[in-house]
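So the structure is just underneath, and the comments pick up after that.
The values are calculated or read from the model by the stated rules, or taken from the named source; none is laboratory data. This structure is a prediction, so every number in the text was calculated from the model and none was measured. As a convention, Cβ positions derive from the backbone with ideal geometry for all residues, glycine included, and neighbour counts pool all protein chains shown.
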Amino acid sequence: MASSPLQNHPPPPPPSPTNNNLPQGTPESNAHAVHKYILSQPQDALLNNPWAVYQALDLYSRTAHMMNFKQAKLNVAQKALSSMQPFPKVVLEFGTYIGCSAIAWAAILRDLNGPFAEGLHVYTFEVDEAVAAIARDFIKIAGVDDIVHVLVGPASESLKALIAEDKITPKGVDMAFFDHWEEFYLSDLQLCEDLDLFHEGSRVIADNTDIPGAPNYLAYVREGGRGGEGEVRFETHSYESEVGGNGRRPNIVEVSTVVAARL
């Protein structure tokens, strides 16, 4: 990966709302604050450089204590995707927020498949239009707006629309990433199964399964799925992103592999 273009800059200030109608410290106000900060930085090192944009956002999120799929966790996911053959091309992301992880998925897909590969897509779902607009700005700066598609609205509705528009085909999803509301992890995973989106070898990656926790989701993938003839079957592993984590912040990345696709 490229080194961060902001590594020699002073740490970013704590987030403050750029919209007076937003209470300070909320995900929405933090998104506006990081947007203002990134746009105030020299753009030459960021333009068309997804890894530089990811690292700039990751640095800000660590300094300002924002939620983000941080570098240590991304390393776990990147290793899982790099082990796939053929390399992944189509990713679903449940939970866009500011687009940091979506930018990273696009960079990984491009690194694995080559800069001129066709059919690379990251479909990412966000419920807040204003936050989605911020994500789109960062995605455009990173130069991956041809790969990353931000859909606004409930993830289940957006996913069904993609299928109705033939943008996603049966068994056409190589990886699904869950990083939205933990209580929806299981129902959204089962929706993907019902829509026949996974093929043998597809990966399903979930964040925050330890803190705040997704016990129903974990029980499901650890049991291998629904069970029964013709259903999707999973094998799953929990990975520590930081060895010896202090137990006070999310540390586990759950990586599940589809070992049997739906018949």
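Give me the pairs, please: first residue somewhere in the stretch 153-174 and under 14 Å from Thr124 (Cβ atoms), second residue anywhere and among the small types (Gly, Ala, Ser) and at pLDDT 95 or above, beta-carbon distance under 7 Å, and either six or more positions apart or on two chains.
Pairs found: Val173/Ser202.
Can you tell me which of Lys79, Lys36 is of a type in the set (Lys, Arg), modelled with pLDDT of 95 or more and within 24 Å of His237 (Cβ to Cβ)? Give the derivation first.
Details: Lys36 fails: within 24 Å of His237 (Cβ to Cβ).
When all the criteria are applied, what remains is Lys79.
Give the stretch 122-141 a look and list any residue that's surrounded by 15 or more Cβ atoms within 10 Å (Cβ to Cβ) and acidic (Asp, Glu), or say none.
Glu126, Asp128, Asp137
I need the strands (runs of 3 or more DSSP E) fully contained in the stretch 147-263, keeping only those with at least 2 residues that are of a type in the set (A, V, I, L, M). Break it down into steps so the answer makes sense when it comes.
Details: elements: 148-152, 173-178, 198-207, 233-240, 252-260.
Per the criteria, 148-152, 173-178, 198-207, 252-260.
Of all the residues that make up the stretch 153-174, how many are under 11 Å from Phe94 (Cα atoms), among the hydrophobic types (A, V, I, L, M, F, W, C) and in contact with a strand residue (DSSP E or B) (Cβ under 6 Å, 6 or more places away or on another chain)?
1
Quick one: is Tyr54 under 23 Å from Gly119 (Cα atoms), touching a residue at least 24 places away in the same chain (Cβ under 8 Å) and aromatic (Phe, Trp, Tyr)?
Details: under 23 Å from Gly119 (Cα atoms): yes; touching a residue at least 24 places away in the same chain (Cβ under 8 Å): yes; aromatic (Phe, Trp, Tyr): yes.
So Tyr54 passes the test.
Out of Asp188, Asp196, Asp210, report the one residue that is surrounded by 17 or more Cβ atoms within 10 Å (Cβ to Cβ), acidic (Asp, Glu) and either without any contact (Cβ under 8 Å) to a residue 40 or more places away in the chain or closer than 11 Å to Arg262 by Cα (or both).
Selected residue: Asp196, the only one of Asp188, Asp196, Asp210 that is surrounded by 17 or more Cβ atoms within 10 Å (Cβ to Cβ), acidic (Asp, Glu) and either without any contact (Cβ under 8 Å) to a residue 40 or more places away in the chain or closer than 11 Å to Arg262 by Cα (or both).
Residue-by-condition table, conditions (1) closer than 18 Å to Val127 by Cβ; (2) touching a Phe, Trp or Tyr at 6+ places or on another chain (Cβ under 9 Å); (3) of a type in the set (A, V, I, L, M):
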residue	(1), (2), (3)
Leu191	yes, no, yes
Asp194	no, no, no
Gly201	no, no, no
Asp210	no, no, no
Ala214	no, yes, yes
Arg222	no, yes, no
Gly228	no, no, no
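Check the stretch 183-204 and report whether any residue there is over 23 Å from Leu109 (Cα atoms), in contact with a helix residue (DSSP H, G or I) (Cβ under 9 Å, 6 or more places away or on another chain), at pLDDT 95 or above and among the polar types (S, T, N, Q).
Yes; the residues of the stretch 183-204 include at least one that is over 23 Å from Leu109 (Cα atoms), in contact with a helix residue (DSSP H, G or I) (Cβ under 9 Å, 6 or more places away or on another chain), at pLDDT 95 or above and among the polar types (S, T, N, Q).
On the basis of being crowded, with 22+ Cβ neighbours inside 10 Å and under 20 Å from Asn68 (Cβ atoms), does Phe177 make the cut?
yes
For residues in the stretch 82-121 being among the charged types (D, E, K, R) and over 28 Å from Glu183 (Cβ atoms), which is surrounded by the fewest Cβ atoms within 10 Å (Cβ to Cβ)? Working first, answer last.
Taking the stretch 82-121 and keeping what is among the charged types (D, E, K, R), we get 89, 93, 110-111, 118.
Checking the rest, the ones that are also over 28 Å from Glu183 (Cβ atoms) come to 89, 110-111, 118.
Details: Lys89: 20, Arg110: 18, Asp111: 16, Glu118: 7.
Ranking the candidates gives Glu118 first.
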